[in-house]
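The values are calculated or read from the model by the stated rules, or taken from the named source; none is laboratory data. These numbers come from a predicted model, not from an experiment. Using ideal geometry, Cβ is built from the backbone for each residue, glycine included, and neighbour counts are taken over all protein chains shown.
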Amino acid sequence: MASPTVSSGSDIEPKTTIQRLLASPRVRRACKFFTQAEAQITEQHIAICSVPSTPFGEAARAETLRDKFRALDIADAHIDGEGNCIALRRGRAERPLLIVSAHLDTVFPEGTDFTVRREAGKLFAPGIADDGCGLVALVALVEAMNECDIETEGSILFVGTVGEEGEGNLRGARYLLTGGEWENQVDAFISLDGPGLERITHRALGSRRYRVRITGAGGHSWGDFGEANPVHALGRAIARLAVYPAPSAPRTTFNVGRIEGGASVNVIASEASMDVDLRSESPEELRRLDAYFRRAIKEAIDDENRLRRAGTSALQLDTKLIGDRPSGETPGDSALVKLVEESTRAVGSRPRLDCSSTDSNIPISLGIPAVTIGAGGASDNSHTLDEWYDPTGRDTGLTRALLVILGTVKVQHR
């Protein structure tokens, strides 16, 4: 007969939960596994990150991850309708159901060389840390639990998500929780994203992203002077946005990340476009900034059209929403956040609560307790071709993740 289980619920303090977990011989063996299997985990990391995974082109990497889960006896590991890699490690019961995720995609376009090279103990490759270290953590966690015969009361859904970066707009996590087979079945969500130990992202940074396209007749800079100019209108809109009084608390930001338009120095452009990113910690401030931005574009178009030469055509505006990430918060005093804080202390690090935009935005917005944490190790030059990852300390990050997972779904002691 099974002895009493360990829970991270309100009936047991997180510190007690972690102490009981660390007293378990099986859990201690699993923690040692991460150190003993360091070289093996690094080889798995290299194998995963060597498979190209571009925006909306994650399929090959998803299949690689699926095959690794199947090799670990998760026979029903599969690719869902949005392209996420799904692997359910069943507990004694279906609930509680915890999702542990990492994202498959990178920011790098098709044609990028994803070859991993080693140099002075570091791994260099696009996406090697963001989020290659999270993906291999999923595999290592399953392997450690299998190797050490750890059974849980609740079930764990390990997921490699698509579309976390940029214009992916969190489509993988969104589908998983609002349209896929697991909708309304998830009790908690943990995202492993990037390296480190201190960061605990429990607040979701909301954002709205737009692609603005302005079109007109165009013409010659001398002969057709007076035609409404899309580039000039774009400039007027940017100038208006640049003077927006963005508050520092709650932190609110805006950015024009890309502009295009025109054919030559002596040509009035027939088209100009820009991509704009608006963010805020506060849903109210984000709505305020969003309304200001849309008004600024309209006023800029109106000004340019008003100044055009009589008889010429007016500019046309096309504004497309290309990203909408919800904001919200898993309260700092919630059981999940407290459990992660205590797990962080237990491995010798100091927890730091954080706000960012990650896959956790979606569950947080749905009222599902969720956090995003690092998978250990260190990195730099994220989102560049010179991105690197140092696996030193990876075992500590994996130990913390294991403690959080087992504290959430409960460990069956025998």
> So is N381 free of Cβ contacts under 8 Å to residues at least 12 places away in the same chain and either farther than 24 Å from A37 by Cα or touching an Asp or Glu at 6+ places or on another chain (Cβ under 9 Å) (or both) or not?
Replying inline: yes
> So which residues in the range 131-150 are acidic (D, E), farther than 16 Å from V100 by Cα and either outside the structural domain of A93 (by TED's automatic domain parsing) or outside any helix (DSSP H, G or I) (or both)?
Replying inline: D149
>> Among (1) crowded, with 19+ Cβ neighbours inside 10 Å; (2) under 20 Å from the mean Cα position of the chain (by Cα); (3) under 23 Å from A137 (Cβ atoms), there is one condition S382 misses while meeting the rest; what is its number?
In response: (1)
> With T312, T319 as the choices, which residue is modelled with pLDDT of 95 or more and in a loop (DSSP other than H, G, I, E, B)?
Replying inline: T312
>> I'd like to know if the range 401-410 contains one or more residues that are surrounded by 17 or more Cβ atoms within 10 Å (Cβ to Cβ), touching a helix residue (DSSP H, G or I) at 6+ places or on another chain (Cβ under 6 Å) and among the charged types (D, E, K, R).
In response: no
> What number of residues within the range 89-127 are buried (at least 19 other Cβ atoms within 10 Å of the Cβ) and closer than 26 Å to E147 by Cα?
Replying inline: 11
> Residues in the range 1-30 that are modelled with pLDDT of 90 or more, in contact with a His (Cβ under 9 Å, 6 or more places away or on another chain) and of a type in the set (S, T, Y): how many?
Replying inline: 1
> Does R236 satisfy the condition of being in a strand (DSSP E or B) and not polar (S, T, N, Q)?
Replying inline: no
> Only one of these conditions is not met by D324: (1) out of contact with any Pro (no Cβ under 9 Å at 6 or more places or on another chain); (2) closer than 27 Å to C355 by Cβ; (3) buried (at least 17 other Cβ atoms within 10 Å of the Cβ). Which number is it?
Replying inline: (3)
>> Looking only at the range 378-414, filter to residues that are part of a loop (DSSP other than H, G, I, E, B) and of a type in the set (G, A, S); which one of those is farthest from G168 (Cα to Cα)?
In response: G393
>> For the structure I just gave you, tell me whether L336 is at negative phi, in contact with a strand residue (DSSP E or B) (Cβ under 8 Å, 6 or more places away or on another chain) and not assigned by TED's automatic domain parsing to the domain that holds N229.
In response: yes
>> Being in a loop (DSSP other than H, G, I, E, B) and small (G, A, S) is the filter here; which residues of the range 334-377 pass it?
In response: S334, G348, S349, S357, S360, G367, G374, A375, G376, G377
